[in-house]
Amino acid sequence: MKAPLASTLLLASIISAGQAAIIGFNEDFTGATLDPAWNTNGSGGALDAANGAYSITNTNGSGGTKLSRNEGGTLGDYTHMVTLGLNSFMGTGADVKWKTFGADGFTEIVFNSFGNVRQFHTGGNLYTNVPITVADGDTLSFKQVYTLSTNTMDVSYSVNGGADQSLYSGTGNGASGFQNVITSFAEVEVFEFGAGDPVPTITIQEWSLSPTVAIPEPSTSLLLVGCFALTAIRRRR
């Protein structure tokens, strides 16, 4: 069994050589404790593992309450999704911001408690004051799909698990467009700009970042190394 296993591992290493992608994750917040890969900021965040959610609240004057995760790897195709539960948010005078940062800048989707969404990309808004019909108790999901070969991002939202609704499709702001706005870190922030009760509270129910890696054709040198190694394995059998 050792020779076939070695052959399989070698072939896998040859196929994967030269591949690069962001480091992904898939979080549903059902663990007994918060994954240490997450970073918290502010006093208004708490894991609610029993309900599979991370709760975030914020009061005016205390700064934003944030949950973030450091990323890494190399830019490639990816799908980035988050699902938010609007526990007590609408009409509270607050923003919930979903942000990503990378070597070439950042982008953020901002949904406010008046029911409007906008997206900022380095240099200005891509769209602004797009109304979304939701109420407290609903879930609101956002999705970003980035394609490296065309340097384009498709952005959409859905309510209560319904069909995706397009918000944006394009290359972003500036001459170089989006490029890398993902490999540093991703963040959700709740910020109350109003005052008084009730304070805004949302839950993060699901959050995922899924890299899509095309398998390139191996180089001639890699193929030769693989052939020599496999021949050596066969001779030892």
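Just so it is clear, none of the values below were taken in a lab; they were calculated from the coordinates. A quick note: this is a predicted structure, and the numbers were derived from the prediction, not measured. Every residue, glycine as well, gets a Cβ built from its backbone with ideal geometry; the counts of neighbours run over all protein chains shown.
Tabulated data for the structure shown
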{"item": "Charge sum, other residues only, whose C-beta stays under 9 Å from Trp207's C-beta, Lys/Arg counted +1 and Asp/Glu -1", "result": "-2"}
{"item": "Share of alpha-carbon pairs per 10 Å distance bin for region 21-214, given as whole %", "result": "9, 38, 38, 14, 1, 0"}
{"item": "Binned Cα-Cα distances of region 121-163, short to long, each 5 Å bin given as a whole percent", "result": "5, 16, 21, 22, 18, 11, 4, 1"}
{"item": "Equivalent-ellipsoid semi-axes of region 89-186, from the Cα gyration tensor, Å, largest first", "result": "24, 14, 12"}
{"item": "Environment charge at Ala53 (Cβ cut-off 10 Å; Lys +1, Arg +1, Asp -1, Glu -1)", "result": "-3"}
{"item": "Residue (of Thr92, Leu148, Tyr54) at the positive-pole extreme of region 21-214, dipole from beta-carbon charges", "result": "Leu148"}
{"item": "15 Å Cα-Cα reach of Lys99 towards aspartates and glutamates, excluding residues that sit fewer than 8 places from it in its own chain", "result": "Glu71, Glu108, Glu187, Glu189"}
